[in-house]
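Input: a single structure, listed below in structure tokens.
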Amino acid sequence: MPGKSACIECTLNLYPPQVNFPLCTIAQTPRLPEHCIEYVRMMQWPAETPFGKDIDGDNPEHIQWIFEKALERGSQYGISGITYRLTQGVVKNIIPAVASTNAVIAAACATEVFKLVSGCAPIMNNYMVFNDADGIYAYTYEQEKKKDCMACSLESQIITLREESTLRELIDFFIESPVYQMRSPGVTMVTAEGRNKTLYMKALREHTEANLSKSLKDLGVREGTEVNVTDVTSLLPCIFKIYFDSPMTS
Ligand SMILES: [Zn+2]
């Protein structure tokens, strides 16, 4: 329920971090099936471009080509376990959905609707784990809203910066931070005089670009000043309260 219960963003820390393999391992000392697939994707495909420059993860011919080359590489290094499905998973960076996954989700949704309509049993509140890798295991619990959730919290978040931090550093931080992963953030603030001031906005680049190299202090940001940050990755603007004198963390 938007605004009431946890949103997807609130639950993101439940997901395992994205796996990246070091290039030297992929190139020189592969140990896993994934290393062989990544090798073909990153080195052999660009060198041989069998079906053009770009890989289409949904094109079976592309996946088949990578799969076969990865098998060859696997056999050179005595690595087994390379399958077509794993190949597609690595190339698309996903766990390929199988029909049974969708069927389980559909069944859970239908069960909830039935409970809502009939009142025959308490409804799920609000998170379900279903595991049928080895036998069947399922349980439900209430996932709580994250107080400082970027997507659904209206509270401001605290951010501490170095005294001399520039606006560009702040913007780069929002882009590079694994927490925010913004693409092209725009930053505004309310000045001590109560005026709205745009510090940077891509659409207003001509007028605001010069601010990027200035320090936040020179731009009028004080201890405890709130800046509004807007970005395509978030529906609502995020409000950050700025403090100085500490390493940049979030
Ligand atoms: Zn949320």
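The values are calculated or read from the model by the stated rules, or taken from the named source; none is laboratory data. Quick caveat: nothing in here was measured; it's all calculated off a predicted structure. We place every Cβ from the backbone using ideal geometry, glycine too, and count neighbours over all the protein chains shown.
A few notes on this one:
One line per residue, one yes/no per condition, for (1) farther than 27 Å from Pro50 by Cα; (2) surrounded by 15 or more Cβ atoms within 10 Å (Cβ to Cβ); (3) of a type in the set (A, V, I, L, M, F, W, C):
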| position | (1), (2), (3) |
| --- | --- |
| Gln76 | no, no, no |
| Gln88 | no, yes, no |
| Ile94 | no, no, yes |
| Ala106 | yes, no, yes |
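- Of all residues assigned to region 190-198, at least one qualifies as being at pLDDT 90 or above and within 20 Å of Tyr243 (Cβ to Cβ).
- Pairs linking a residue in region 170-184 that is β-branched (Val, Ile, Thr) to a residue that is in a loop (DSSP other than H, G, I, E, B), with Cβ atoms under 6 Å and 6 or more positions apart or on different chains, are Ile171/Pro185; Ile175/Met182; Val179/Ser250.
- Residues in region 173-201 that are within 20 Å of Glu223 (Cβ to Cβ) and in contact with a helix residue (DSSP H, G or I) (Cβ under 8 Å, 6 or more places away or on another chain) were compared, and the one that is surrounded by the fewest Cβ atoms within 10 Å (Cβ to Cβ) is Leu199.
- Pairs, first near the ligand (Cβ under 9 Å from one of its atoms) in region 143-157, second among the basic types (Lys, Arg), C-beta under 7 Å, six or more apart: Cys152/Lys145; Ser153/Lys146; Ser153/Lys147
- Set Leu71, Leu154, Leu116: member being hydrophobic (A, V, I, L, M, F, W, C) and buried (at least 16 other Cβ atoms within 10 Å of the Cβ): Leu71
- Matching residues in region 158-180 - criterion: being away from the ligand (no atom under 16 Å from the Cβ) and part of a loop (DSSP other than H, G, I, E, B): Arg162, Glu163, Glu164, Ser165, Ser177, Pro178
- For region 30-135, the helices (runs of 4 or more DSSP H) that sit wholly inside it and include 2 or more residues that are free of Cβ contacts under 8 Å to residues at least 12 places away in the same chain are 45-48, 60-77, 84-92, 99-118.
- Selected residue (criterion: nearest to Leu154 (Cα to Cα)) from residues of region 1-34 that are of a type in the set (Ser, Thr, Tyr) and within 11 Å of the ligand (Cβ to nearest atom): Ser5
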